Amino acid sequence: MLTLMLVAVACLGVLSTVVLDTRDRVRDLGVYRALGMTPRQTIAQVLTSVGVVGAVGAVGVVAGVIGVPLGVALHRLVVPAMGRAAGTTIPPADIDVYGAPLLPLLAAAGVVIATAGALLPAGWAARTATARALRAE
């Protein structure tokens, strides 16, 4: 449940960022629409830009590649130390919660969350009339 709440908060953060970015670029989107960009292409442009921002290009990939294993290693050090401090041992099943199949999913979750949070503003940008977008400045 905590994970779902964190994902929802992350999606809302992306949503607010993308709404501000899309509102800031409304004139550019209007020019693209006037030049023949379809609503589907507008959605694809907004989602693609957010996917790149969500992963922050190569920096995000590097951070994920370094951060996920570092977080797992830190978890494996801190949790047993907490058990020893409390005078008990924590079973290995409670320590080894991050299996190998889960790690790539954790690394890719940022792009999925960014895309989910950007769907609403992308739809708004696709539905905005070209003339209205060009007048907005």
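Say we look at the stretch 76-106 and pick out the residues that are exposed (fewer than 13 other Cβ atoms within 10 Å of the Cβ) and of a type in the set (Gly, Ala, Ser); which of these is nearest to residue 65 (Cα to Cα)?
Kept after step one, since they are exposed (fewer than 13 other Cβ atoms within 10 Å of the Cβ), are these residues of the stretch 76-106: 77-78, 81-82, 84-89, 91-94, 96-97, 99-102, 104-105.
Next cut, of a type in the set (Gly, Ala, Ser) only: 81, 85-87, 93, 99-100.
Working: 81: 25, 85: 31, 86: 32, 87: 34, 93: 24, 99: 15, 100: 13 Å.
Going through the qualifying residues, I end up with 100.
Considering only the stretch 1-27, how many residues are in contact with a Ser or Thr (Cβ under 9 Å, 6 or more places away or on another chain) and either exposed (fewer than 12 other Cβ atoms within 10 Å of the Cβ) or among the aliphatic types (A, V, I, L, M) (or both)?
Residues flagged as in contact with a Ser or Thr (Cβ under 9 Å, 6 or more places away or on another chain) and either exposed (fewer than 12 other Cβ atoms within 10 Å of the Cβ) or among the aliphatic types (A, V, I, L, M) (or both) within the stretch 1-27 amount to 3.
Looking at the structure I just gave you, is residue 109 small (Gly, Ala, Ser), under 30 Å from residue 31 (Cβ atoms), surrounded by 11 or more Cβ atoms within 10 Å (Cβ to Cβ) and out of contact with any strand residue (DSSP E or B) (no Cβ under 7 Å at 6 or more places or on another chain)? If you could, list the steps in order and put the result at the bottom.
Values: small (Gly, Ala, Ser): yes; under 30 Å from residue 31 (Cβ atoms): no; surrounded by 11 or more Cβ atoms within 10 Å (Cβ to Cβ): yes; out of contact with any strand residue (DSSP E or B) (no Cβ under 7 Å at 6 or more places or on another chain): yes.
Judged against the criteria, residue 109 is not a match.
Consider the stretch 28-75. How many of its residues are closer than 25 Å to residue 102 by Cα, surrounded by fewer than 14 Cβ atoms within 10 Å (Cβ to Cβ) and modelled with pLDDT of 80 or more?
5
Please go through the stretch 75-106 and pick out each residue that is within 23 Å of the chain's Cα centre (by Cα) and over 18 Å from residue 3 (Cβ atoms).
Once the filter is applied, which keeps residues that are within 23 Å of the chain's Cα centre (by Cα) and over 18 Å from residue 3 (Cβ atoms), the stretch 75-106 yields only 100.
The values are calculated or read from the model by the stated rules, or taken from the named source; none is laboratory data. Small disclaimer: the values here were computed from a predicted structure and weren't measured. In this analysis, Cβ positions are derived from the backbone assuming ideal geometry, glycine residues included, and neighbour counts consider all displayed protein chains.
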